[in-house]
Amino acid sequence: MVLAVPPRRNNIIYHTIKNFAAQSIVEYSWKCPADWYNTNVTSLAKLLPELINMDSIEKYLQISTPEVYGSCADRIVESRSYNPSTPYASSKAAADVLLDVYHKQGFPVCWVRSANVYGARQQLFKIIPKVVVSILQNKKLPLHGGGLSTRSFIHISDVSKAE
């Protein structure tokens with residue numbers, strides 16, 4: 001996990017913490033779910049006691065996933081019950097539930113649940129870089145869901161601006 005809070009230097013005060021740290025390859029989460037829980041839940045559980053002792057935090061932004069609600073085929077509302085369908089999604093749901101416990105005690109948590117985030121230096125197994133590399137190598141384009149699936153994408157800079 002990438003530590004979301006840099007050490008204090010020169011009396012810098014951190015008002016907003018944005019936690020993008022996560023292990024997120026859904027397919028691989030089936031092979032060793034404990035790794036996903038260690039990264040997405042246990043690391044957060046270790047970080048939270050440190051954060052709640054920092055007086056200067058006004059907001060903690062957790063980058064989560066709509067997959068905590070299950071299928072993303074229909075419109076998702078935040079009041080919907082969690083219904084994860086993969087070890088990855090269940091680890092993110094567990095992290096969200098843990099944060100909700102802290103939120104009920106006054107910790108200033110906000111969640112962003114974006115799917116299909118893309119941007120510079122994205123891993124090559126993600127669909128956009130994979131398609132670009134395939135085009136450059138004159139290979140057939142990989143199509144998820146036999147070419148029938150529909151996805152929307154959001155750029156990392158837009159997610160980063162969330163507050």
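Using the heavy atoms of the protein chains alone and a 1.4 angstrom probe, what is the accessible area of the chain per residue in square angstrom? Let's see the in-between values first.
Values: 10460 Å² over 163 residues.
Value for the chain: 64 Å² per residue.
How far, in nm, would the chain grow between Gln122 and Phe20 when pulled straight, counting 0.36 nm per residue and subtracting the alpha carbon separation?
Details: separation 102, 0.36 × 102 = 36.72 nm, distance 1.36 nm.
Difference between extended and current length: 35.4 nm.
Quick check on packing: order 68-75, 83-90 by the mean number of other C-beta atoms within 10 Å, highest mean leading.
Details: 68-75: 14.0, 83-90: 19.0.
Listed from highest to lowest mean packing, they are 83-90, 68-75.
Packing-wise, with mean Cβ within 10 Å as the measure, how do 31-44, 146-159, 105-118 rank, highest first?
Values: 31-44: 17.4, 146-159: 10.8, 105-118: 15.3.
Top to bottom by mean Cβ count within 10 Å: 31-44, 105-118, 146-159.
Here the spin labels are modelled as points 7 Å beyond Cα on the Cα-Cβ line, and at Leu136 and Val101 they lie 4.5 nm apart.
Which of the residue pairs Lys31/Lys139; Lys59/Lys104; Lys31/Lys104; Lys92/Lys139; Lys46/Lys126 have a Cα-Cα distance greater than 25 Å in the structure shown? Present the calculation step by step, with values, prior to reporting the outcome.
Values: Lys31/Lys139 28 Å; Lys59/Lys104 14 Å; Lys31/Lys104 34 Å; Lys92/Lys139 34 Å; Lys46/Lys126 29 Å.
As for pairs spanning more than 25 Å Cα to Cα, those are Lys31/Lys139; Lys31/Lys104; Lys92/Lys139; Lys46/Lys126.
Selection among Tyr88, Gly145, Ile135 by position relative to the dipole of the chain gives Ile135 as farthest towards the positive end (Cβ unit charges, Cα centre). Is the shape of the range 114-163 rounded, prolate or oblate, going by the alpha carbon gyration tensor and its root eigenvalues a ≥ b ≥ c, with a/c under 1.5 for rounded and a/b larger than b/c for prolate? Cα axes put the range 114-163 in the oblate bin.
Placing dummy labels 7 Å off each Cα toward the beta-carbon, the span from Glu27 to Ile154 is 2.5 nm. Annotation for the range 6-96: GluC sites (Glu not before Pro) lying in DSSP loop with at most 11 further Cβ atoms inside 10 Å of their Cβ are Glu58, Glu78.
For Ile76 and Asn53, compute 0.36 nm times the residue count separating them, minus their Cα-Cα distance, and round to one decimal in nm. Each step should come with its number before you reach the end.
On the way: separation 23, 0.36 × 23 = 8.28 nm, distance 3.39 nm.
That works out to 4.9 nm of additional length.
Just the protein heavy atoms count here, and of the accessible area of the chain at 1.4 Å, carbon and sulfur take up 54 percent.
The values are calculated or read from the model by the stated rules, or taken from the named source; none is laboratory data. Bear in mind that the values here come from a model prediction, so they are computed numbers and not experimental data. In this analysis, Cβ positions are derived from the backbone assuming ideal geometry, glycine residues included, and neighbour counts consider all displayed protein chains. For the accessible areas, the whole protein counts, side chains as well, though only heavy atoms, and no ligand, DNA or RNA atoms are used. Shrake-Rupley method; radii C 1.70, N 1.55, O 1.52, S 1.80 Å.
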